[in-house]
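*Asks:* The structure's right below; bear with me while I get my questions together.
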Amino acid sequence: MSEGIQPRKVLTVEKEALELEILEMVNKALAMFDLAVRSLNTLDRDLAKQAMRADDEIDRLDMEIEERCLDLLALQQPMGSDLREIGTVLKIITDIERVGDLSVDIAKITLKIEKEMGRSDYIDLPRMASTVSKMLSESAQAFVRKDATHLPLIAELEDQVDGMYRDFRNQVHAYMVSNPDQVVAASWMLLAVHHMERVADHALNMAERVVFMVTGEMRQIVPDDLERG
């Protein structure tokens with residue numbers, strides 16, 4: 001009897017460790033994203049370099065979690081909801097790793113705009129960053145709580161980010177027209193805002209994966225869902 005129970009206990013302990021590592025990875029990605037956006041908002045080179053250095057920790061956790069998942073698949077042969085959870089972790093860490101990469105790209109843009117002696121204070125970057133960060137945090141908490149009811153909230157936040165992206169893009173275009181000498185720097189700003197919008201997309205991906213983990217059904221949010229919800 002004990003021989004049958006022991007593997008299950010090992011699997012439970014390992015899954016709990018995975019949850020802690022996912023939270024650690026998300027928290028580091030959130031801190032990195034915050035550093036990158038603050039560096040862009042203030043054109044602070046030191047903050048940008050801090051954000052870029054932080055990517056090594058994200059990459060380390062990505063590899064460690066993937067290795068743990070592969071060991072579990074090989075040694076514990078999980079089935080049903082356990083298998084879905086491990087598969088979800090493998091998908092989620094890919095999204096979190098991309099958040100780290102996009103944060104590095106935002107930080108690099110800080111350096112480019114600062115070098116061009118450009119500006120970044122003509123759009124409300126902190127407002128967009130706050131919403132994106134909330135999406136990431138909510139998706140991570142949904143994973144830990146195994147909450148399949150969170151998707152409409154996160155999808156609504158993603159819709160808000162899309163709206164801000166459209167508004168900010170128009171504002172940058174207007175700035176280009178008014179300040180033709182700043183076209184190069186403003187072009188970099190357009191790319192940075194796009195990167196922020198892509199971070200929101202990855203947060204939504206995470207939320208959709210959690211729904212699959214809990215229910216066994218892969219559900220993707222489309223605009224009609226938001227109108228109905």
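The values are calculated or read from the model by the stated rules, or taken from the named source; none is laboratory data. Please read these numbers as outputs of a predicted model, since none were measured by experiment. Positions of Cβ are backbone-derived with ideal geometry, glycine not excepted, and every protein chain shown enters the neighbour counts.
*Asks:* So if I check each of Val172, Val214, Val161, Val183, which one is outside any loop (DSSP other than H, G, I, E, B), within 14 Å of the chain's Cα centre (by Cα) and of a type in the set (Val, Ile, Thr)?
*Replies:* On the way: Val172 fails: within 14 Å of the chain's Cα centre (by Cα); Val214 fails: within 14 Å of the chain's Cα centre (by Cα); Val183 fails: within 14 Å of the chain's Cα centre (by Cα).
Of Val172, Val214, Val161, Val183, the one residue that is outside any loop (DSSP other than H, G, I, E, B), within 14 Å of the chain's Cα centre (by Cα) and of a type in the set (Val, Ile, Thr) is Val161.
*Asks:* Show the residue pairs that are 6+ apart or on different chains and have beta-carbon atoms under 7 Å apart, the first residue being within the range 152-179 and within 15 Å of Thr131 (Cα to Cα), the second being acidic (Asp, Glu).
*Replies:* Leu153/Glu138; Ile154/Glu138; Ala155/Asp225; Val161/Glu197; Asp162/Glu197; Tyr165/Glu197
*Asks:* Sticking with this one: Go through the range 27-84 and give me each residue that's of a type in the set (Gly, Ala, Ser), touching a residue at least 40 places away in the same chain (Cβ under 8 Å) and either more than 11 Å from Ser103 (Cβ to Cβ) or touching a His at 6+ places or on another chain (Cβ under 7 Å) (or both). Don't jump to the end; show me each part of the working.
*Replies:* Our first condition is that a residue be of a type in the set (Gly, Ala, Ser); within the range 27-84, this holds for 29, 31, 36, 39, 48, 51, 54, 74, 80-81.
Cutting the leftovers down to touching a residue at least 40 places away in the same chain (Cβ under 8 Å) gives us 29, 36, 39, 48, 51, 54, 81.
Result: Ser81, single match.
*Asks:* Any idea which of Ala48, Ala29, Ala54 is farther than 18 Å from Ala200 by Cα and under 16 Å from the mean Cα position of the chain (by Cα)? Reasoning before the result, please.
*Replies:* Details: Ala48 fails: under 16 Å from the mean Cα position of the chain (by Cα); Ala29 fails: farther than 18 Å from Ala200 by Cα.
When all the criteria are applied, what remains is Ala54.
*Asks:* Against the conditions (1) at pLDDT below 95; (2) surrounded by 21 or more Cβ atoms within 10 Å (Cβ to Cβ), where does Ala107 fall short? Just the number, please.
*Replies:* (1)
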